[in-house]
1. From the list MET590, MET526, MET505, which residue is touching a helix residue (DSSP H, G or I) at 6+ places or on another chain (Cβ under 9 Å) and closer than 21 Å to ILE483 by Cβ?
2. What number of residues within the stretch 650-669 are open to solvent by 20 Å² or more (accessible area, probe 1.4 Å) and touching a strand residue (DSSP E or B) at 6+ places or on another chain (Cβ under 7 Å)?
3. If a residue counts only when it is open to solvent by 60 Å² or more (accessible area, probe 1.4 Å), which helices (runs of 4 or more DSSP H) contained entirely in the stretch 181-299 have at least 2 such residues?
4. Could you list, in sequence order, all residues of the stretch 540-590 that are surrounded by 14 or more Cβ atoms within 10 Å (Cβ to Cβ) and of a type in the set (Phe, Trp, Tyr)?
5. Pick from the stretch 110-146 the residues that are small (Gly, Ala, Ser) and out of contact with any Phe, Trp or Tyr (no Cβ under 7 Å at 6 or more places or on another chain): which of them is surrounded by the fewest Cβ atoms within 10 Å (Cβ to Cβ)?
6. Out of the helices (runs of 4 or more DSSP H) lying entirely within the stretch 317-380, which hold 3 or more residues that are open to solvent by less than 20 Å² (accessible area, probe 1.4 Å)?
7. Take SER641 and tell me if it is open to solvent by less than 50 Å² (accessible area, probe 1.4 Å), in contact (Cβ under 8 Å) with a residue 40 or more places away in the chain and not in a helix (DSSP H, G or I).
Amino acid sequence: MKNESEENHMDEHGSYNQIQLQRRTNNTVNVWKSLKSKVKKKCTCTSKSAKKTFIDFFPVIRWLPKYDFKENTWGDIMSGLIIGIILVPQAIAYSLLAGLKPIYSLYTSFFANLIYFIMGTSRHVSVGIFSLLSLMVGQVVDREVLLAGFDLDDEDSHKFNSLNASDVMDVSSVNISLGLVDIECGKECYAISIAAALTFIAGVYQVLMGIFRLGFLSVYLSEPMLDGFATGASLTILTAQVKYLLGIKIPRSPGVGMLVTTWINIFTNIHHANICDVVTSAICISVLVAAKELGDRYKDKIKIPLPTELIVIVVATLVSHYCNLNEVYGSSVSGEIPTGFIPPKVPNFGLIGKIAVDAIPLAVVSFAFTISLSEMFAKKYAYTVKANQEMFAIGFCNIIPSFFHCFATSAALAKTLVKTSTGCKTQVSSVVSAIVVLLVLLFFAPLFYSLQKCVLACIIIVSLRGALRKFKDLPAQWRLNKIDAVIWSVTVASSALVSTEIGLMVGVVFSMVCVVARTQLPRVSMLSHIQNTSFYEEGDKYENLCPIPKIKIFRFESPLYYANKGYFLQSVYKMAGMDPALEIIRRKKMEKKGKKQLKRKQVDTTKEMDQGETSIQLVHKQDNIQTIILDCSSIAFLDTSGISAMKGLLKDYQEVQVSVLLACCNTSVIDSLSRGGYFGKENKDMHKLVFHTVHDAVQFARQKECSMTDSTV
């Protein structure tokens, strides 16, 4: 059955014609049947659907056979080589953040590139070691290693607190359960066991999110919150590396308040700084920053970025080796990095109970950065990515490598930008990068034995330039959007001063609170007429607008629902200068007072009634408002409370002889009001209450006022 609604339309002579707008038939869909049909379709397995599912799960099968060697080969090889050259020193450096040996970060880079090549849908993102995730992994590793009784700062003896050296020969071991066998595991073994278990469960979370199609959750991670989280974590990363820059030994402070505690310890022990490390750090940072600045300034002319990190590492390693800096000056070096691969091992599921909660923010951050970068570059280069498949891809980039002594990965902006700037066309470049890492693993890893740790710290700190520069953008962000600036600041403060995990949670919650606050306390405004037009705008924002006598036009810039209905009503009352409930009470009091005075004077009954009516008329005339027009163009929807608020507003103002008209309502708002009985039985009053435009409502109110005046005369 078609719904018909009468709408008002002003003709060229200024009078109104009622036109019939026929609503299309609303075909109601049976929810149960629809759900049943979808489940049946999903559960029905045919050869065609199985093939499609398999190809969707491994996108490489779809695009690799169509690979254009002539068009893409050179760009992919060059970008892959450059990323591989950049990746090796960064991977070794980020192992400091994760609290693990450099060999494990090289494993991670190798496997992550290969798996994303097979399962990823983005052509450009670079997946591998990411400083923020390395820090999050390192914080969990440090905590669990400390709880197990190891000394975080003693890298040689790794004292186990619960045992005495006289009781056992190897005091650097702890019993952990691997499957059904209990074995003794030293600090390094225990640390990578924690990291692998953490990575495994984070990958499981990501795969489960992909199975349940939860990729849309990334939209709730706002850009200011992610930027603030990255900046706050960058401050924590910088703080953790300062001790390597200065060559001092201070107790590590994992957990809440790490930044403040670490800086206190740094200033307390700064007189123990190693001069060799300080000089080396100053030289390396100067070279790296100068190279980055020159690269940024002349990036249009220099198509291929200089491998500055690799050059610095090679030179620093040679100087450290031939000048014997470790023995002569006590400078801390990377130590032995073995070649080849360690046999794969099942993650220690007995540890998962300790770190299951820690894996949640790790999984969320890893996916959020990967999908945001994937979508950004897909939009830039005009192709599409699948959010849920990206969830599967990054999930298996964590699950599978966890069996090969790896830790968590995600896409990284800096390496992705380098990839695109050097001509990357497809994920074949990731295979080339993996080959470069493989060569280092098989042949070149031992050459980094004499590399000073302060050089690795310099590489990490210089890589944070982009995130730390966000502080410079804060004033511009404040001018652009104050709420986003506050979200960024709150997330930075909580991530840096408390902890990264709590900072992420605070940022997400605070962002959502700000969204709720924006709708709970939305912007409201009064509109006035733009002369010689049929348009209306905010009177306090524009000059030379004309208020309309006896008509108030109100705009409410938010959906109307349970949380803001009270604010809506109070705003209308304030704008109209009249609370109808209080006005009714006031009129009754004045009427009662007038009757008492008349009775006291013992005036004639007829005279009493005339004077009483005159009093009421004078009160109404004094209010000087006859019509309230609600501009509903910004009201996206109404819930039950919103409908009740609108009905109550209409009823209350009708009791004080003030009309309430609606303008610019969308169809969902009209349908909600219609179902709630706002327009009377069978919508009989719709043509008197709702209008297409504010101008139509104003003209209707004026015409009604004129007709009332004529009838009075």
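1. Numbers: MET590 fails: closer than 21 Å to ILE483 by Cβ; MET526 fails: closer than 21 Å to ILE483 by Cβ.
Going through MET590, MET526, MET505 in turn, just one is touching a helix residue (DSSP H, G or I) at 6+ places or on another chain (Cβ under 9 Å) and closer than 21 Å to ILE483 by Cβ: MET505.
2. If we filter the stretch 650-669 for residues that are open to solvent by 20 Å² or more (accessible area, probe 1.4 Å), which is where we start, we get 651-652, 654-655, 657, 659, 664-668.
Pick out the ones that are also touching a strand residue (DSSP E or B) at 6+ places or on another chain (Cβ under 7 Å) and you get 659, 664-665.
Result for the stretch 650-669: 3.
3. Numbers: elements: 187-211, 223-246, 258-268, 275-297.
By residue number, 187-211, 258-268, 275-297.
4. PHE554, PHE556, TYR561, TYR567, PHE568, TYR573
5. First, pick out the residues of the stretch 110-146 that are small (Gly, Ala, Ser): 112, 120, 122, 126, 128, 131, 134, 138.
The next check asks that each one be out of contact with any Phe, Trp or Tyr (no Cβ under 7 Å at 6 or more places or on another chain); those that pass are 112, 120, 126, 128, 138.
On the way: ALA112: 30, GLY120: 28, SER126: 31, GLY128: 28, GLY138: 24.
Among them, the one singled out is GLY138.
6. In the stretch 317-380, the matching helices (runs of 4 or more DSSP H) lie at 359-380.
7. Numbers: open to solvent by less than 50 Å² (accessible area, probe 1.4 Å): yes; in contact (Cβ under 8 Å) with a residue 40 or more places away in the chain: yes; not in a helix (DSSP H, G or I): no.
No: the conditions fail for SER641.
Residues checked against (1) under 24 Å from ALA197 (Cβ atoms); (2) assigned to a loop (DSSP other than H, G, I, E, B); (3) hydrophobic (A, V, I, L, M, F, W, C):
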site: PRO89; (1), (2), (3): no, no, no
site: ILE92; (1), (2), (3): yes, no, yes
site: SER95; (1), (2), (3): yes, no, no
site: SER105; (1), (2), (3): yes, no, no
site: SER109; (1), (2), (3): yes, no, no
site: LEU114; (1), (2), (3): yes, no, yes
site: THR121; (1), (2), (3): no, yes, no
site: HIS124; (1), (2), (3): no, yes, no
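The values are calculated or read from the model by the stated rules, or taken from the named source; none is laboratory data. A quick note: this is a predicted structure, and the numbers were derived from the prediction, not measured. Ideal geometry is used to build each Cβ from the backbone, glycine not excepted, and the neighbour counts take in all protein chains shown. Keep in mind that these areas ignore ligands, DNA and RNA; they rest on the heavy atoms of the full protein, side chains included. Shrake-Rupley method; radii C 1.70, N 1.55, O 1.52, S 1.80 Å.
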